[in-house]
Amino acid sequence: MSDADRPLATPAVPALGEVYRAHFDFVWRSARALGVRDGAIDDVVQEVFVVAQRKLPGFEARSSMRTWLSGIVLNVVRHHRRTVHRKSPHERSSEPPTDVDSLPTAAPGPDDIASLREGTRLLQQVLDGLDEKKREVLVLADLEGFSSPEIAEILGIGLNTVYSRLRLAREEFERLAARCRKGDARRPV
């Protein structure tokens, strides 16, 4: 039998437990950066892994597991936002911001902790000021380190659209961050 006649070996599909252990932090961080509030983050992350479990047998490894999971995270977060907005449109704007002082940190000293918390607070405030499409591209590129072609694949959009949204998102991010740093902490938008 020649090499051309042999059936292609299908890559082994990892078990959900392996995927969960390897990517839980990434999924949680991505969902939070995409705007899921504290009260719903655990439910959204759980839903991501429920969807992943259902789709895992069809995973063909044409992209990395992280890229594949990013698409699921985006879809689950988008669905979550639509549901929250539909069921209680006032909830999204009235939910108090994350109390970063209650988040665990591994920073060694008080100055480091204060700086980290202030940076986290500023980052979340500025991200909350971006529209959904710009926020998604910015989070995937600058926080999660995906390349532009990977982002295009995850979002199902053209590469030039990724470049355009990323440029606009970075410009708006800088504008909003400058406004927050100047002390206009009411709202970045």
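Assorted remarks:
- Filtering segment 24-39 to residues that are buried (at least 19 other Cβ atoms within 10 Å of the Cβ) and assigned to a helix (DSSP H, G or I) leaves Val27, Ser30, Ala31, Arg32, Ala33.
Residues checked against (1) surrounded by fewer than 16 Cβ atoms within 10 Å (Cβ to Cβ); (2) out of contact with any Cys (no Cβ under 7 Å at 6 or more places or on another chain); (3) modelled with pLDDT under 90; (4) within 24 Å of His79 (Cβ to Cβ):
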| position | (1), (2), (3), (4) |
| --- | --- |
| Thr120 | yes, yes, yes, no |
| Val126 | no, no, yes, no |
| Leu138 | no, yes, no, yes |
| Glu144 | no, yes, yes, yes |
| Pro149 | yes, yes, no, no |
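The values are calculated or read from the model by the stated rules, or taken from the named source; none is laboratory data. Given the structure is predicted, the values throughout are model-derived calculations rather than measurements. Using ideal geometry, Cβ is built from the backbone for each residue, glycine included, and neighbour counts are taken over all protein chains shown.
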